[in-house]
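Chemist: What follows is a single structure, and I will ask about it in a moment.
Every number here is computed from the coordinates shown, using simple stated rules; none is lab data. Quantities reported herein were computed from a predicted structural model and do not represent experimental measurements. So basically every Cβ, Gly included, is an ideal-geometry build from the backbone, and we count neighbours across all protein chains shown.
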Amino acid sequence: MGYLLGECVESFMEQLKAKVKSEVDYSDFQILEEDLRKDLRMAVHKVPTYLLFCAAIKEMDDLKLDLVNETKLLLWRDAINNALNLRFNADFAIKHLFKIARAYFDFKVMEGKSDEEMLKLNNVDGNMEVPEDCLREAEYFSGKPLSIGLLL
């Protein structure tokens, strides 16, 4: 018996909730090095949390579901968690990230993206069971920047 998509989604949500040591850096956000036209790692010793948080939000505004992957979602998690750890009022961002993650899993199923994890998700009948909240979130983000609704 294979894994149900709902179990995979919940497992990934637990990863998003995890308070792990952040590995996020300027180089993880192309906009920081391109738009500022310098290697910020050379200019500052400590990576300012606020700048990384803003870069994550900016990427959400620049990207749609078809350009997101689990690595990107976890980088955004790290940037948001860094802000939360410094007591920034960033709860809205982590909640929004959970919505994006749910939509992402539905998108992968509906677009026929197949990687090793997705192949495990076939249930006994050979069909994918997509949780209702994933369907709802994917419809919400369909064709829109991932920042839609972030500041509401």
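Chemist: Efficiency by 1/(1 + (r/R0)^6): what FRET value for ASN69 and PHE92, r their Cβ-Cβ distance, R0 = 25 Å, to the nearest 0.05?
Modeler: Given R0 = 25 Å and the Cβ-Cβ separation, E is 0.65.
Chemist: Return the distance in nm (one decimal) between the two label points of a simple spin-label model at GLU139 and ASP25, each offset 7 Å from Cα along Cα→Cβ.
Modeler: For GLU139 paired with ASP25, the spin-label model returns 4.3 nm.
Chemist: Okay, next question. To the nearest 0.05, what FRET efficiency results for CYS54 and GLU10 with a Förster distance of 41 Å applied to their C-beta separation?
Modeler: 0.90
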